Amino acid sequence: VSEVTGPAATSEPVIAPSFEVPPAPIPAGQIKETVTADVVVVGAGVSGLMATLAVAKAGKKVILIEKSASFNARGGHNAALGSKLQKANGIEYDKHKVVADLVRWGSNQVDARLLMLWANNVNETIDGLIDLAEKEKIEVMLWGNDLPDNVWPEHKTVHMFGGMDEKIVAGMIEKAAKEAGADIRYEMPAAQLVRDNGRVSAVIAGPEGSYTRFEASKGIILCTGDYGNNPEMIQKYCPKAADIDINVYAPAVNTGDGHKMGLWIGAAMQEESPHTPMVHNLGAGPMTSNPFLRINIKGDRYENEDVPIPYMTNAIQLQPKNTSYTIFDASYADDVVNHTPGFSRTVMTNENTQKSIDDAVAKGVACFSAGTLDELAGKIGVPVDVFKATVARYNELATKGVDDDFGKPKAMLSPIDTPPYYASKNAIALLVVLGGFNVNTKLQVLDKDGAVIPGLYAAGNTVGNCFANDYPVAVPGLSHSRALVFGRLAGENAAAG
């Protein structure tokens, strides 16, 4: 860290996070080579790959640099609102209503212009990927729930290419970009942007002391992902993302490199704070996405369990020691069919369901089973008397058919009275942090005065102002979809100069 002083300095110096302090310019003697292109893309996730493909298809010289030995991709959901595959299955959404749902989810602390930019361009983008998949003989599947009028709306937006594996999507795009003439250079970590006379004209990258200067006549596009593995940035911009059980998706290379380089040359980070964490219950025990009884370590019920996963994790973070359990019994198979479908919920069972529960119990980490409530309370370390009283109260409400305590719908109130009894630990798992730079609808990065920084574009998770509060599972696959759409548009805009 460094001390920041100035006219407003007091006797107590303000300590700036180390990532906010620009490093000294890299000496010319350490730059071993200079390479020129029309556009340079930094970061080979799906946004960077899509930007690279777009520039190459526009007939411009493009270089993609990436610090890893290959591209980075995880997950597998990609949203659209009326792709050719959705239309063939009778699915098409009112984009204005969907954007309204997203704005509402973000408490209107988002830039609706960017969300409309996504909505206006998403179907064309996904259709292009479907064409690529057909060429590569890769099956495209739809997934999700069509619940537009549910209490918690959800749309059947997800496209999966060859299964739940975004590496397949990344591989398709990489191949197409190379065929279109793109120059892709892996193991080339970006270190600094160069801004001359106001314009970002180059990025310096490579191993320390033996750098390459990549000059771009039309633009540089930052597609470096999030900062989920930069503890200092997490503490400043999204402390909730540190209050978790596990970090599951954010790769080790996602350390906010693009965010730092942009800040050093005057880019403005989004004003909405804190930034938005994407948290799910990955790594949790079985049935934790379903609205069964949930208790904290005091043995108390604390919420209406019929909430989406991000809201569920919010409530867990308010509980003692960030700990809660989902309680269900041997009749779970009869119960889940009455649960409203929703993101990651189980609404039907098969012969493998009990096996997965038994396997989890055998591991003894995230799921526990017992023949009595007393025994179960002992296994999860909650007060026996309080726990039994909570279950008794819950059973009373289930028998009555009215949740006087929290208002959960009658269909989801099922008594816990059939042994064996189960307790699954609810996990808080960070996938990514959604926060980045202020940009305009051309994906040009803005400075603190709202002016365009010439020559600098952003896509993917270096772009801010699209999310607030929580990740909206109302549109599953939105994060990848936004990265793909904005990557394509940033590439097209940069190529056009």
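The values are calculated or read from the model by the stated rules, or taken from the named source; none is laboratory data. This structure is a prediction, so every number in the text was calculated from the model and none was measured. Every residue, glycine among them, receives a Cβ derived from its backbone with ideal geometry; neighbour counts consider all protein chains shown. Side chains included, ligands, DNA and RNA excluded: accessible areas come from the protein's heavy atoms. Shrake-Rupley method; radii C 1.70, N 1.55, O 1.52, S 1.80 Å.
Placing a label point 7 Å from the Cα of Ser210 along the Cα-to-Cβ direction, the residues of the stretch 161-192 with a backbone N closer than 19 Å are 185-192. The tail of the calculated P(r) for the stretch 128-174, taken as Cα-Cα distances beyond 15 Å, holds 48 percent of the pairs. Measuring nothing but how far apart in sequence close Cα pairs (under 8 Å, 6+ apart) lie, relative to its length, the chain scores a relative contact order of 24 percent.
If eta is 0.692 mPa s and T is 37 °C, what Stokes-Einstein diffusion coefficient results for the stretch 352-492, Kirkwood Rh from Cα pairs, in µm²/s? After rounding, the answer is 166 µm²/s. Using a probe of 1.4 angstrom and keeping all protein chains present, the accessible surface of the chain works out to 40 square angstrom per residue. Inter-label distance, Lys442 to Gln235: 3.9 nm, where each label sits 7 Å from its Cα along the C-beta direction.
Other residues with beta-carbon under 13 Å from the beta-carbon of Glu33 carry, at +1 per Lys or Arg and -1 per Asp or Glu, a net charge of +2.
When the solvent-accessible area of the chain is split by element, carbon and sulfur atoms take up 51 percent of it, the probe being 1.4 Å. Using the Cβ atoms and a cut-off under 15 Å, what net charge is assigned to the surroundings of Thr255, where Lys and Arg are +1 and Asp and Glu are -1? Result for the local shell: -2. Only helices enter the 222 nm calculation for the chain: every DSSP H run of n ≥ 4 contributes -39,500 (n - 2.57), and dividing by all residues gives -9500 deg cm²/dmol, rounded to 500. In the chain, the longest principal axis of the Cα atoms and the axis of helix 95-105 are about 70 degrees apart. For the stretch 259-308 versus the stretch 106-178, the inter-centroid distance based on Cα atoms is 22 Å. With the simple model of a label 7 Å out from the Cα in the direction of the Cβ, Lys178 to Ala88 spans 2.8 nm.
The three principal axes of the Cα atoms in the stretch 206-363 give end-to-end lengths of 65, 32, 29 Å, sorted in falling order.
To the nearest 0.05, how large is the calculated FRET efficiency for Ala16 and Asp165 if R₀ is 35 Å and r is the Cβ-Cβ distance?
Once rounded, the FRET efficiency stands at 0.30.
Grouping the Cα pair distances of the stretch 385-439 into 5 Å bins from zero gives a pair-distance distribution of 4, 14, 17, 17, 13, 7, 7, 7, 5, 5, 3, 0 percent in increasing distance order.
Using a simple spin-label model with pseudo-atoms 7 Å out from Cα toward Cβ, Met116 and Thr372 lie 6.5 nm apart. Taking each residue as 0.36 nm, the span from Ala252 to Ser273 lengthens on full extension beyond its C-alpha to C-alpha distance by 5.2 nm. Pairs from the table (Lys32/Lys175; Lys61/Lys218; Lys321/Lys379; Lys240/Lys298; Lys321/Lys355) lying more than 19 angstrom apart at Cα are Lys32/Lys175; Lys240/Lys298; Lys321/Lys355. Coordinate range of the alpha-carbon atoms in the chain per principal axis, descending: 74, 66, 39 Å. Normalised by the number of residues in the stretch 12-76, the average gap of Cα pairs under 8 Å and 6 or more apart makes the relative contact order 31 percent.
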